[in-house]
């Protein structure tokens, strides 16, 4: 008669050297960000509305400023999540540190503002600029 003995996994200390091997989905390689000038005027936000009207484009603000976030995975991610060009990867990839990364906490946790699309940014614009709708009406007559 066979007896099954449950084996508990050994506790492994997760360090920056082994952290990526525990990450599911290679999160840091599934999007790009681009820092943008701080939007201040209605025209700046109107331009952002155009940008977030495109698939997989979002906008956020954190302690470092304003950013476009484009969800689009790197073409070099292999099925197992590793980098297919690791030895010759671009400098941006080489400079990336995982000391504190999305394995530790979701990036969204650090966002002061986050707009996942047109509707959420438009609501913010209307709240920030009390005369947003009148401005848009005037703009519509000019074009």
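Coordinate-derived values only; no laboratory data. Only a predicted model underlies this, so the values are computations on that prediction, with no experimental measurement involved. Reconstructed Cβ throughout: ideal geometry from the backbone, glycine too, with neighbour counts over all protein chains shown.
Could you tell me how many degrees, from 0 to 90 and to the nearest 10, lie between the Cα long axis of helix 42-52 and the main elongation axis, the longest principal axis, of the Cα atoms of the chain?
For 42-52 against the chain, the angle is about 40 degrees.
With springs only between Cα atoms under 10 Å apart, run a GNM on the chain and tell me which of 123, 95, 107 wobbles the most.
Its mean-square fluctuation being the largest, the pick is 95.
For helix 118-128, what angle does its Cα long axis make with the longest principal axis of the chain, in degrees from 0 to 90 and rounded to 10?
Helix 118-128 sits roughly 50 degrees off the main axis of the chain.
Label-point separation (nm) for residue 40 and residue 140, each offset 7 Å from Cα along Cα-to-Cβ?
Using points 7 Å along Cα→Cβ, the separation is 3.0 nm.
Expressed in nm to one decimal, what extension gain is obtained for the pair residue 71 and residue 91 from 0.36 nm per residue of sequence separation less their Cα-Cα distance?
Values: separation 20, 0.36 × 20 = 7.20 nm, distance 2.02 nm.
5.2 nm is the gain from fully extending residue 71 to residue 91.
Could you give the length gained by full extension between residue 47 and residue 17, i.e. 0.36 nm per residue of separation minus their alpha carbon distance, to one decimal place? If you can, show how the numbers build up before the last one.
Details: separation 30, 0.36 × 30 = 10.80 nm, distance 4.10 nm.
Here the segment from residue 47 to residue 17 would lengthen by 6.7 nm.
Set the Förster distance to 25 Å, then compute FRET efficiency between residue 130 and residue 108 from the Cβ-Cβ distance, nearest 0.05.
On the way: r = 28 Å, r/R0 = 1.12.
Once the sixth-power term is evaluated, E becomes 0.35.
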